[in-house]
Amino acid sequence: MVAETASTNADLIARVAAGEDIAGAVLLAEHQTAGRGRNGRTWSAVPRAQISMSVGVPTDGLPATAWGWVPLITGLAVVDAVAEVTGVAVGLKWPNDVLAVSDGRKLAGILAEVASPASVIVVGVGVNVSLGADELPETTATSLRVLGADDADRGALILALLRHLQRRVDALASTGGADARLVDDYVAKSLTVSARVRATLPGDREVVGDAVSVDDQGRLLIDTGDGVTVVSAGDIVHLRPV
C-alpha cells in the first residue's frame, strides 16, 4: 500500500524493468494521480474514495492464446466481489468495463499490460466506492455509494476481489485456456451479449450488429446480418438499453 502514486500499473511495470519478480504482487494506492485506461485514457482519483490496485498475474501454465482472458476474468472477479460484499447488481460491458445493471453507468475499469522482459501480466483495477454524485468524473460514471451501498468496505471488497481473481486464474491455468464453463459464465454476466452494438475498430472501421457471444479467446462475436464479425479490440457502444 502506498499513500500516493501516479499509476500502480506503471509502478509494477517499472519493477519488472528493474529485474524484480512481481508475480503475485499486489500494489494498492490511496490516491492515484494519473491512472491509465485503454487507448491512452487517463484519470485522477479522489483520495480514499476508490480502489486503485494493480496485480502481477503470472503467465506460467497459461498458453499465450489464454492471455487475452486475463482482463476478462478480472472483470468477472470484480462483478463477483461487488455482488458478494454489497449486493449491488453489476455486469460487464465487453471486454471488461463493470457497469451498474440499473442504469448502465460505469462503476469500474480494468487495464491489462504485459510486462517485459518477464512474462507477467499487470492488471490494474479501479473501482469507485464512496464517491458522491458530485465527485464523479463524468455523467456516465457511478459509485457504490451512488448505487445505495453507502457503507461499502473497501478492505472487504479488495479481499473478495483478490480471492475471486485467484480462483479464476487458477481455473484458467488448470484448463489451459477458456473452457465452455468460463465462456458461459462470462456470457451470463455480460451486458453486451444480446445487445445491439456499434464497434469502432482500429483504423476507424465500424461494425454494427447484434452481439451474440464471445469465443474461446474472449473475442466478441457480432452478427451484422451479413455474417459474424470477430472483434478482438475496439470500442463498443450499446445502441439500446441493456
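The values are calculated or read from the model by the stated rules, or taken from the named source; none is laboratory data. Worth saying up front: this structure is predicted, and the values here are computed from it rather than measured. Cβ coordinates were reconstructed from backbone atoms using ideal geometry, including for glycine residues, and neighbour counts include every protein chain displayed. Heads up: the accessible areas ignore ligands, DNA and RNA and are worked out on the full protein's heavy atoms, side chains in. Shrake-Rupley method; radii C 1.70, N 1.55, O 1.52, S 1.80 Å.
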Summed residue charge, Cβ within 12 Å of Val79's Cβ, Lys/Arg positive, Asp/Glu negative: -1
Radius 10 Å from Cβ of Val183, net charge of other residues (Lys, Arg +1; Asp, Glu -1): -4
Overall dimensions of segment 192-235 as given by Cα atoms, namely Rg and Dmax in Å: 9.4, 26
Projected area averaged over orientations for segment 85-190, convex hull of C-alpha atoms, nm²: 7.8 nm²
Cleavage-rule hits (GluC sites (Glu not before Pro)) in segment 74-183: DSSP loop, at most 14 neighbouring Cβ within 10 angstrom: Glu138
Length-normalised contact order for the chain - Cα pairs under 8 Å, 6+ apart - percent: 17 percent
Anisotropy class of segment 149-192 from Cα gyration tensor, a/c 1.5 cut: oblate
Cleavage-rule hits, trypsin sites (Lys or Arg not before Pro), segment 36-139, DSSP coil, Cβ neighbours within 10 Å at most 10: Arg41
Compactness index (Cα Rg / 2.2 N^0.38 Å), segment 62-116: 1.23
Surface per residue (accessible, 1.4 Å probe) for segment 59-116, Å²: 32 Å²
Accessible surface of segment 110-216, 1.4 Å probe, proportion on carbon and sulfur as whole %: 48 percent
Vicinal HN-Hα couplings computed from phi for segment 151-167 (Karplus, 6.51 cos²θ - 1.76 cosθ + 1.60; Hz; Gly/Pro x): 9, 4, 8, 4, x, 5, 5, 4, 4, 5, 4, 5, 5, 5, 5, 4, 4
Per residue accessible area in Å² of segment 194-242, where ligands, DNA and RNA are left out and the probe is 1.4 Å: 55 Å²
Normalised alpha carbon radius of gyration of the chain [divisor 2.2 N^0.38 Å]: 0.97
Karplus 3J(HN,Hα) series, Hz, for segment 71-82 with 6.51 cos²θ - 1.76 cosθ + 1.60 (x for Gly, Pro): x, 5, 6, 5, x, 4, 5, 5, 4, 5, 5, 4
Residue among Gly68, Gly218, Ala133 farthest towards the positive dipole end of the chain, charges placed on Cβ: Ala133
Net charge, Gly24 excluded, C-beta distance under 13 Å - Lys, Arg +1, Asp, Glu -1: -3
Computed [θ] at 222 nm, deg cm²/dmol, the chain (DSSP H ≥ 4; -39,500 (n - 2.57); rounded to nearest 500): -8000 deg cm²/dmol
